[in-house]
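> The structure that follows is given in the form of structure tokens.
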């Protein structure tokens, strides 16, 4: 951004924002390496046209096209709307044949969306959005050089209608899709507004947008009917979306801004997973790879460069809000690391922002349950194992709980506790993911020993302790150097697609090449799930390093 | 049309309507020969889709596309609007996966415009429109087999703003383009309504429309700024139009109907001429050919299969309303043939519809002036030459006039007269056309003797006496078998383009290949025009057969 109205926010503030959004500055530098050439969907083309003469009396429209042609955009596939045609004669003469044309480049045609007098440079901004069921992340991007100018994140306002996608769909059936659509759009518009204000830019500068989300989220955001996602045979309305005009969906940016929505191959494996795969680049790599999004739906992918197999384990909410009473996103005040004293059972907590805790984020939960298991505060079946007289013991209705932080240590003035229900929810979620991978591997006659890399993404913030995730049986007990944690890969892929036409095409290719395996009526999956409802697993032989540790 | 709601009008009534519109039934049969395969812009595709299953859980949109793909339409270039996407889930399930998709096939992409439940056949209708400055002609066409079901014609309501295109533009500058746009659209909508009612059809059945008109007419119809057409260097806003949705221009047919507007290469050579050339097929033929539209603007074309040269002679109004006080279109009550008794100077008149006359149409005017010249009622300079005591003599203000029909012989109860001003206007018009051709021929080093055919079109109804047109110097004095009169070629070309994608492409090719020669500042043209302001010409040697006749 070279305009003097746009003031860059301090590097320090930005880095913090990016960390909150799950992506550090190091990764934004990495992105810039990945995206070699910026090729937006929508471009503003400043033109200095020759005035007409008796010898050169071509029409205004052809004169405009001639100018656009010289910039290398294919005018043989160009369309133009009535409004633009009607204004053309005046617009072209207002500033002596200097104009700026706004052109959207679609899959198979281009369209002149707008022509304005004058040809001063417009500082074009882009927005990448990750629409999570729980949290939404927005990057504001300089379309000139790909710099991330601001990153904002917040809770999806749809949460008022329930924590998981099923609740959201039920709510849409009851109150109408528009209500849910308005909720998520108001969240997105609010976050864009915040980003825009932080750099003192104008929302009309935003003319390229990429959105990534699971299938329910994209349907609700676009106002598409979601009800058939919920019922067998689980059919989405739309998998691959055309490029949409911002004003047609109520997005408060430039009204003609081009919006690309990440395609999603199935009702329970959506654009966020495609976006994540795009970012990781796994589909271009040879090794047998597992990809896990440890979010609300527990989507998993098993793939190499020849095929992509995917499924949803409906992990529930244990790793992303709702399934655990004190869970929260990886934001200031979230407990992100836990270790427990084997004698006193007192935890020592690392809290994001170094403030008093107000909840626990995903990585903190994995730490907590793993520490509790290793210190025998819980049994492998998830039951709490400490004496009712212990200071860390709490009774929560009918069930036992462990006090993670006493009320006076918190910023919420209540005990932060961890209940047997919380533990059961986590066991169910981690068990489903583990069982899912066994089924996918069996499908191709393979097992965990043949997996060459495991990519984990999800809203864990900066930090995920692989050892502890293995300890609870979420990840398989294989060589630790095969694991890579990649943060929020959905927003990362959206950012890449925002900057590059090649990546937008690649996203469509990824979505089209995915084979979706439905677990909803899969007996093998149910069997494996039952075996995995233990910490780390009913068959401890599958987790030799854990067997050794808890011996 | 196989629907029982559509009742065909009687053959006799239709033939009369077609004659009024300038095209007889014989020509409609010829059209059907020309158009081998009907390829509309917009098609309604009935589909019987397979219901989804767990094994076939593709999205509603992909399922629809799969169905469309089987009909041979390219779905890789297919787009879809938000409204259609939002309704898709319900629409597809309403009639158990039987739907009808409406698809528009554009130059470089296709779009699903609408999907409705059920797949019963829709009887699709088309409309071809010739938007003349004076008269508008509408054909209503069965898109299944190309039958012309009805033809209607009427005066362009814009006539209230002046007779020629210049007056219309001036009026648009004063009162706004919208006023003129509304006038022509209300005329067109009225004529479509009349056609629809005559066959008891529904306007929503009309989903394909082709419009042909001169550049000013198409600009005003579409609400495009026309003012630069009028002033040097005479620039139209748009030459080649995208396919437009009917609702975007206020055309009262199916709201999503596809509208193709004939492209026009220059401000004074428009889509009507392109349409005419398309109909004649001249651009595909070897011989050196002259093409004349003897209408308001006197457009001329000189061409062979390698090049097309065109110009406008701004013929004025003498052959199409306004320039001659008693002129009218070739409708019931128009004098279309005249012969004059050399002794009594009494005319014998042929009137369209065999009723009392109420005016004179173009062919009648040519007959009249030619007869008056041959019978020495006028001199070669256009002055009236009969005695003021003669019963056919009338004084009209300062000038002399000839009484064509006495008031008691007419249906208007006034003398129908022919004044020296009328004669001067005709001399100017015919002189401009003749001079124009000389300039075009000179441009390529040719003369009239090398011309192999002459095509004449314009609103003369069924009849044009070539000999008499030569007598007054409108047409060159060459072998009579080189002349062909083709009626309203603009509506004929529009009809062809309505039925065939090939012809729509060809129209664009014709328009692009035309070289426009501007006469507005051409000294050679002015010189030739001065020489031609005589009956038939100052140089009588150019008209040997006329010299012989008036000897």
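> Go through (1) more than 7 Å from chain A (Cβ to nearest Cβ); (2) within 18 Å of residue A:263 (Cβ to Cβ); (3) surrounded by 19 or more Cβ atoms within 10 Å (Cβ to Cβ) one by one and return the number of the condition residue B:41 breaks.
In the conditions (1) more than 7 Å from chain A (Cβ to nearest Cβ); (2) within 18 Å of residue A:263 (Cβ to Cβ); (3) surrounded by 19 or more Cβ atoms within 10 Å (Cβ to Cβ), residue B:41 misses (2) alone.
> A further question follows. Which of the residues belonging to region A:59-79 are surrounded by fewer than 17 Cβ atoms within 10 Å (Cβ to Cβ), within 11 Å of another protein chain (Cβ to nearest Cβ) and either in a loop (DSSP other than H, G, I, E, B) or touching a residue at least 60 places away in the same chain (Cβ under 8 Å) (or both)?
A:74
> Provide a single number: the residues in region A:410-461 that are part of a loop (DSSP other than H, G, I, E, B), surrounded by 20 or more Cβ atoms within 10 Å (Cβ to Cβ) and modelled with pLDDT of 95 or more. Write out each step before concluding.
Our first condition is that a residue be part of a loop (DSSP other than H, G, I, E, B); within region A:410-461, this holds for A:410-415, A:444-447, A:451-452, A:458-461.
Those left that are additionally surrounded by 20 or more Cβ atoms within 10 Å (Cβ to Cβ): A:410, A:458-461.
Now restrict to residues that are modelled with pLDDT of 95 or more: A:410.
Matching residues across region A:410-461 total 1.
> Here is a follow-up. Of the residues that make up region A:114-133, is at least one within 14 Å of chain B (Cβ to nearest Cβ), in a helix (DSSP H, G or I), over 30 Å from residue A:297 (Cα atoms) and touching a strand residue (DSSP E or B) at 6+ places or on another chain (Cβ under 8 Å)?
No, that holds for no residue.
> Then there's this: Regarding residue A:263, is this residue within 10 Å of chain B (Cβ to nearest Cβ), closer than 15 Å to residue A:212 by Cα and either outside any loop (DSSP other than H, G, I, E, B) or touching a strand residue (DSSP E or B) at 6+ places or on another chain (Cβ under 6 Å) (or both)? Can you show your working first?
Values: within 10 Å of chain B (Cβ to nearest Cβ): yes; closer than 15 Å to residue A:212 by Cα: yes; either outside any loop (DSSP other than H, G, I, E, B) or touching a strand residue (DSSP E or B) at 6+ places or on another chain (Cβ under 6 Å) (or both): no.
Criteria not met by residue A:263.
> Here's a follow-up. I need the full set of residues from region A:118-142 which are more than 13 Å from the chain's Cα centre (by Cα) and either crowded, with 24+ Cβ neighbours inside 10 Å or farther than 19 Å from residue A:260 by Cβ (or both), in order please. Outline the logic, then answer.
Going residue by residue through region A:118-142, those that are more than 13 Å from the chain's Cα centre (by Cα) are A:118-127, A:140-142.
Residues satisfying the conditions are A:118, A:119, A:120, A:121, A:122, A:123, A:125, A:126, A:127, A:140, A:141.
> Also: Exactly one of (1) buried (at least 24 other Cβ atoms within 10 Å of the Cβ); (2) out of contact with any strand residue (DSSP E or B) (no Cβ under 8 Å at 6 or more places or on another chain); (3) modelled with pLDDT of 90 or more is unmet by residue B:315. Its number?
Here residue B:315 meets the rest and fails (3).
> Out of (1) within 28 Å of the chain's Cα centre (by Cα); (2) assigned to a loop (DSSP other than H, G, I, E, B), what's the single condition that is false for residue B:363?
Only one criterion is unmet by residue B:363, namely (2).
> A further question on this structure: Would you mind stating whether residue A:288 is in contact (Cβ under 8 Å) with a residue 24 or more places away in the chain and farther than 17 Å from residue A:440 by Cα?
Details: in contact (Cβ under 8 Å) with a residue 24 or more places away in the chain: yes; farther than 17 Å from residue A:440 by Cα: no.
The answer is no for residue A:288.
> Please work out which one of (1) away from every other protein chain (no Cβ under 14 Å); (2) part of a loop (DSSP other than H, G, I, E, B) is the condition residue B:291 fails and give its number.
Going through (1) away from every other protein chain (no Cβ under 14 Å); (2) part of a loop (DSSP other than H, G, I, E, B) one by one, residue B:291 breaks only (2).
> I'm told residue B:373 meets every condition in (1) under 30 Å from residue B:214 (Cβ atoms); (2) outside any strand (DSSP E or B); (3) in contact with a helix residue (DSSP H, G or I) (Cβ under 7 Å, 6 or more places away or on another chain) except one. Can you identify the failing condition by its number?
That leaves (1) as the condition not met.
> I want to confirm something. Restricting to region B:98-113 and keeping residues that are more than 12 Å from chain A (Cβ to nearest Cβ) and farther than 17 Å from residue B:72 by Cβ, which single residue is surrounded by the most Cβ atoms within 10 Å (Cβ to Cβ)?
Out of the qualifying residues, it is B:99.
> Answer yes if at least one residue in region B:480-492 is surrounded by 24 or more Cβ atoms within 10 Å (Cβ to Cβ), modelled with pLDDT of 90 or more and farther than 22 Å from residue B:378 by Cβ, and no otherwise.
Filtering region B:480-492 for residues surrounded by 24 or more Cβ atoms within 10 Å (Cβ to Cβ) gives B:487-492.
If we keep only those that are modelled with pLDDT of 90 or more as well, we get B:490-491.
Imposing the further condition that a residue be farther than 22 Å from residue B:378 by Cβ reduces the set to B:490-491.
Within region B:480-492 (the criterion being surrounded by 24 or more Cβ atoms within 10 Å (Cβ to Cβ), modelled with pLDDT of 90 or more and farther than 22 Å from residue B:378 by Cβ), the answer is yes, since at least one residue qualifies.
So that you can scan it fast, the table gives a plain yes or no per residue for (1) touching a residue at least 12 places away in the same chain (Cβ under 8 Å); (2) farther than 16 Å from residue B:435 by Cβ:
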site	(1), (2)
B:474	yes, no
B:479	no, yes
B:508	yes, yes
B:544	yes, yes
B:549	yes, yes
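> If you don't mind, there's one more thing I want to ask. Of all residues in region B:46-58, which are more than 7 Å from chain A (Cβ to nearest Cβ) and exposed (fewer than 12 other Cβ atoms within 10 Å of the Cβ)?
Listed by number, the residues that qualify are B:48, B:50, B:55.
> Consider residue B:169 against the criteria (1) buried (at least 24 other Cβ atoms within 10 Å of the Cβ); (2) away from chain A (no Cβ under 14 Å): it satisfies all of them except one. Which criterion is unmet?
(2)
> Farther than 21 Å from residue A:305 by Cα, in contact with a strand residue (DSSP E or B) (Cβ under 6 Å, 6 or more places away or on another chain) and within 14 Å of another protein chain (Cβ to nearest Cβ), is that true of residue A:519?
Values: farther than 21 Å from residue A:305 by Cα: yes; in contact with a strand residue (DSSP E or B) (Cβ under 6 Å, 6 or more places away or on another chain): yes; within 14 Å of another protein chain (Cβ to nearest Cβ): yes.
The answer is yes for residue A:519.
> When only residues in region B:80-97 that are surrounded by fewer than 16 Cβ atoms within 10 Å (Cβ to Cβ) and in contact with a strand residue (DSSP E or B) (Cβ under 6 Å, 6 or more places away or on another chain) count, which is farthest from the other protein chains (Cβ to nearest Cβ)? So that I can check it myself, show each step before the final result.
Keep residues of region B:80-97 that are surrounded by fewer than 16 Cβ atoms within 10 Å (Cβ to Cβ), which gives B:83, B:90, B:94-96.
Keeping just the survivors that are in contact with a strand residue (DSSP E or B) (Cβ under 6 Å, 6 or more places away or on another chain) gives B:94-95.
On the way: B:94: 12, B:95: 16 Å.
So, considering only residues that are surrounded by fewer than 16 Cβ atoms within 10 Å (Cβ to Cβ) and in contact with a strand residue (DSSP E or B) (Cβ under 6 Å, 6 or more places away or on another chain), the one farthest from the other protein chains (Cβ to nearest Cβ) is B:95.
> Checking residue A:350 against (1) surrounded by fewer than 20 Cβ atoms within 10 Å (Cβ to Cβ); (2) in contact (Cβ under 8 Å) with a residue 60 or more places away in the chain, which single condition isn't satisfied?
The one condition residue A:350 does not meet is (2).
> Which of the following residues is over 19 Å from the mean Cα position of the chain (by Cα), at pLDDT 95 or above and under 30 Å from residue A:120 (Cβ atoms): A:252, A:200, A:174? Write out each step before concluding.
On the way: A:200 fails: at pLDDT 95 or above; A:174 fails: under 30 Å from residue A:120 (Cβ atoms).
Only one candidate passes the filter, namely A:252.
> Could you list, in sequence order, the residues of region B:213-260 that are farther than 20 Å from residue A:87 by Cβ, surrounded by fewer than 21 Cβ atoms within 10 Å (Cβ to Cβ) and more than 10 Å from chain A (Cβ to nearest Cβ)?
B:252, B:255, B:256
> In region B:329-345, what residues are surrounded by fewer than 22 Cβ atoms within 10 Å (Cβ to Cβ) and farther than 15 Å from residue B:403 by Cβ?
Result: B:331, B:332, B:333, B:337, B:339, B:342, B:343.
The values are calculated or read from the model by the stated rules, or taken from the named source; none is laboratory data. Fair warning: this is a prediction, and the values are worked out from it, not measured in the lab. Virtual Cβ from ideal backbone geometry, glycine too; neighbours counted across all protein chains shown.
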